[in-house]
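Asks: Here it is, the structure, as structure tokens.
Just so it is clear, none of the values below were taken in a lab; they were calculated from the coordinates. Small disclaimer: the values here were computed from a predicted structure and weren't measured. For neighbour counting, all protein chains shown are included, and Cβ atoms are generated from backbone atoms with ideal geometry for every residue, glycine included.
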Amino acid sequence: MNTEENYIVFFDGVCNLCNTTVNFILQHNAKSNLKFSSLQSPFAKQFLSKFSIASTELSTIYFFENGQLFQKSDAVLGVAKHLATPYHWLYYFSFLPTGFRNLFYNFIARNRYRFFGQSKTCRLATIEEQTRFLED
């Protein structure tokens with residue numbers, strides 16, 4: 001698989017908010033061009049190590065696009081570009097300074113388990129979704 005040609009969303013597989021977000025993205029990514037990998041997967045650990053990202057860093061969403069790795073609010077806005085109307089309009093919030101956007105992102109990330117809970121295991125792809133998940 002040539003990862004340069006893919007758009008990959010890396011997410012915390014045991015976070016309920018993250019899993020709900022993945023479900024939302026799957027539903028609203030009309031082109032079905034986004035792929036997913038939980039941060040706990042062997043694929044994510046190996047892939048992210050190329051960018052010097054520790055495999056224990058689970059509080060950040062990462063988005064790989066066009067050879068670049070984005071994180072936090074930049075990743076969220078990058079994913080938004082690939083969603084159907086009206087959700088892709090969220091991308092236009094990228095005019096806000098990254099530091100300002102990340103204040104909100106960091107607050108949610110720090111409290112996501114407390115606000116939304118967590119699962120004991122990572123989300124499993126359905127048979128229909130298996131081609132969109134990179135877990136090996």
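Asks: What shape does the stretch 46-116 take by its C-alpha gyration tensor, where a ≥ b ≥ c are the square roots of the eigenvalues and a/c under 1.5 counts as rounded, a/b above b/c as prolate, and the rest as oblate?
Replies: Oblate, since a/c reaches 1.5 and b/c is not below a/b.
Asks: Okay, moving on. I want the local charge near Q118. Using Cβ-Cβ distances under 9 Å, sum +1 for each Lys or Arg and -1 for each Asp or Glu among the other residues.
Replies: With Lys, Arg at +1 and Asp, Glu at -1, the neighbours total +1.
Asks: Unpartnered cysteines of the chain (Cβ-Cβ under 4.7 Å counts as a partner)?
Replies: Lacking a cysteine Cβ partner under 4.7 Å: C122.
Asks: Which of the trypsin sites (Lys or Arg not before Pro) found in the stretch 88-136 are loop residues per DSSP with 12 or fewer other Cβ atoms within 10 Å of their Cβ?
Replies: Answer by residue number: K120.
Asks: With r defined as the distance between the Cβ atoms of N111 and Y91 and R0 fixed at 22 Å, what FRET efficiency is calculated, to the nearest 0.05? If you can, show how the numbers build up before the last one.
Replies: On the way: r = 25 Å, r/R0 = 1.13.
Given R0 = 22 Å and the Cβ-Cβ separation, E is 0.35.
Asks: Label E129 and Q46 with points 7 Å out from Cα along Cα→Cβ: what is the distance between them in nm?
Replies: Each label point is offset 7 Å from its Cα along the Cβ direction, giving 2.3 nm.
Asks: Go through T85, S73, L103 and say which Cα lies farthest out towards the positive end of the charge dipole of the chain; charges sit on Cβ, +1 for Lys and Arg, -1 for Asp and Glu.
Replies: L103
Asks: First check a/c for the chain, with a ≥ b ≥ c the square roots of the eigenvalues of its C-alpha gyration tensor; if it is under 1.5, answer rounded, and if not, answer prolate when a/b is larger than b/c or oblate otherwise.
Replies: Here the chain falls in the rounded category.
Asks: Next up: Expressed as a whole percent, how much of the Cα-Cα distance distribution for the stretch 75-136 exceeds 18 Å?
Replies: Here the long-distance tail beyond 18 Å is 60 percent of all Cα pairs in the stretch 75-136.
Asks: List the chymotrypsin sites (Phe, Trp or Tyr not before Pro) within the stretch 22-113 that DSSP assigns to loop and that have no more than 15 neighbouring Cβ atoms inside 10 Å.
Replies: Numbers: sites: F24, F36, F43, F47, F51, Y62, F63, F64, F70, Y87, W89, Y91, Y92, F93, F95, F100, F104, Y105, F107, Y113; in loops: F51.
Listed in order of number, the matching sites are F51.
Asks: With charges set only on the Cβ (+1 for Lys and Arg, -1 for Asp and Glu), what does the dipole of the stretch 3-132 come to about its Cα centre, in debye to the nearest 20?
Replies: In total the dipole reaches around 340 debye.
Asks: Please compute the length gained on full extension between N16 and A54, using 0.36 nm multiplied by the number of residues separating them and subtracting their Cα-Cα distance.
Replies: Between N16 and A54, full extension yields 11.5 nm more.
Asks: Are there trypsin sites (Lys or Arg not before Pro) in the stretch 1-94 that DSSP puts in a loop and that have at most 12 other Cβ atoms within 10 Å, and which ones?
Replies: Answer in residue order: K31, K50.
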